[in-house]
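**Student:** Mind having a look at this structure? Questions to follow.
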């Protein structure tokens, strides 16, 4: 019964996120032309020494967008990362607690409230991370953001339960190392396969002087984003599995150094 | 005609929820400043998170549903708001619970003034039996 309710919650969350993703893929030509005007604005103004009204004073347009025109985004991203790490540190302290004084329950770990919330959040975080990675070419996000989000899920389980629980759930040292390498291989495959058609490395769409026709950009009314979709997913695998690998490596280091482990 | 009425109702209910959320935030702010110790301040902070963030998000979802100028995007905005509200409803109480638990167990915060301490009895029973 409880399992069924968790599954139901996961399905509802998945459906809602898919709805958001699908709605995000419908763009009108009107939006596209406005985006183009925005690009022109940035290119014209970023380092325009003759018209300094809107300039950023930096010859690097991408960094200027990052820290000047859209600086608020960057500040919020940094703040989110800061808060996330602060949360991780708190979780680390609380999981240190359970080593010192007596265990609260038979299985060890934190209280039943935290465990129940972790179960729900685990499913939601996994869905969200895949979602962020898979439509990262439409909305902000992408492989790196999705992978880092994915890594939070096992970290929560480590804090609420134990590292053994993560290993029992199927996050193995070897398999995460293999998945990480598989992600990098997929990345290389997507990047290099245009060469077979006498195209360029990292080629996405059809370009002049290239035999490669380009990765598919549309599927009916949906945008596919050419190679970006595959690159995002491959990077999601690499980054997510790398973080999991690092967490597990710390655990095994703990064991090798003679610590009792956090069982 | 019916659509317009429904839109108006959604708009006003949503705006009312946002306003109530602002009041909750004010109460939470006063509580953070005036409450005597960590544990009751945590209570005030959670009021700010649940009443002052989750509730206005539900209001924003209703307002988005009533905003026809957003086109199909209004459903996306509504879904994101409701999901975020649900996530806050799950995480904020859990977070304050575990913060209070950690502060209690490490004696990181003075437990004065203390009117009722149910956790001590629970922990003593647990360790005794």
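All of the numbers you see were taken from the coordinates with simple rules; none came from a lab. All values derive from a computational prediction rather than experimental measurement. Cβ placement follows ideal geometry from the backbone for every residue including glycine, while neighbour counts extend to all protein chains displayed.
**Student:** Fewest to most neighbouring Cβ within 10 Å: what's the order for B:107, B:43, A:251?
**Tutor:** Values: B:107 8, B:43 15, A:251 20.
Sorted ascending by nearby Cβ count, the order is B:107, B:43, A:251.
**Student:** Helix B:38-49 versus the longest principal axis of chain B: what angle, 0 to 90°, nearest 10, using Cα atoms?
**Tutor:** 10
**Student:** Per DSSP H run of at least 4 residues, take -39500 (n - 2.57); add these up for the protein assembly as shown, divide by its residues and hand me the 222 nm value, nearest 500 deg cm²/dmol. Walk me through the numbers before you get to the answer.
**Tutor:** Details: 14 runs with 274 residues, N = 392.
Helix contribution divided over all residues of the protein assembly as shown: -24000 deg cm²/dmol.
**Student:** Once you order the gyration tensor axes a ≥ b ≥ c over the Cα atoms, which shape class does the protein assembly as shown get: rounded for a/c under 1.5, otherwise prolate or oblate by comparing a/b with b/c? Don't jump to the answer; show the numbers that get you there.
**Tutor:** Details: a/c = 1.94, a/b = 1.33, b/c = 1.47.
Judged from the Cα gyration tensor, the protein assembly as shown comes out oblate (a/c at least 1.5, b/c at or above a/b).
**Student:** Starting from the Kirkwood Rh over alpha-carbon pairs, what translational D in µm² s⁻¹ does the stretch B:66-114 have by Stokes-Einstein at 25 °C and 0.890 mPa s? Walk me through the numbers on the way to the answer.
**Tutor:** Numbers: Rh = 13.8 Å.
Estimated via Stokes-Einstein, D reaches 178 µm²/s.
**Student:** Please report, in whole Å, how far the alpha carbons of the stretch A:121-173 spread along each principal axis, starting with the longest.
**Tutor:** Extents along the principal axes: 38, 21, 12 Å.
**Student:** Let me make sure I get this right: for the stretch A:128-263, a, b and c are the square roots of the gyration tensor eigenvalues over alpha carbons, sorted descending. Under 1.5 in a/c it's rounded, otherwise prolate if a/b > b/c, else oblate. Which is it?
**Tutor:** Note, shape of the stretch A:128-263 comes out prolate.
**Student:** To continue, here is another question. Take the alpha-carbon centre of the stretch A:36-74, take the same for the stretch B:32-94, and report the distance between them in whole Å.
**Tutor:** After rounding, the separation between the Cα centres reads 34 Å.
**Student:** If you don't mind, another one. Using only Cα atoms, what is the ratio of the radius of gyration of chain B to 2.2 N^0.38 Å? Intermediate values should be presented prior to the final figure.
**Tutor:** Values: Rg = 19.9 Å, N = 129, 2.2 N^0.38 = 13.9 Å.
Chain B yields a ratio of 1.43.
**Student:** Kindly express, to the nearest 10 degrees and within the range 0 to 90, the angle between helix B:118-128's C-alpha long axis and the longest C-alpha principal axis of chain B.
**Tutor:** With both axes taken from Cα atoms, the answer is about 50 degrees.
**Student:** Please order A:253, B:15 by the number of other Cβ within 10 Å, starting at the fewest.
**Tutor:** By the 10 Å Cβ count, ascending: A:253, B:15.
**Student:** Using alpha-carbon pairs under 8 Å, 6+ residues apart, how would you state the relative contact order of chain B in percent? Mind showing how you got there, number by number?
**Tutor:** Values: 126 pairs, mean separation 34.6, N = 129.
Taking the mean separation of contacting Cα pairs over the length of chain B, I get 27 percent.
**Student:** Can you order the peptides A:119-132, A:52-65, B:86-99 by their average number of other Cβ atoms within 10 Å per residue, highest first? Provide the component values of the computation, followed by the final result.
**Tutor:** Working: A:119-132: 20.0, A:52-65: 13.7, B:86-99: 18.2.
Going by the mean number of other Cβ atoms within 10 Å, highest first, we get A:119-132, B:86-99, A:52-65.
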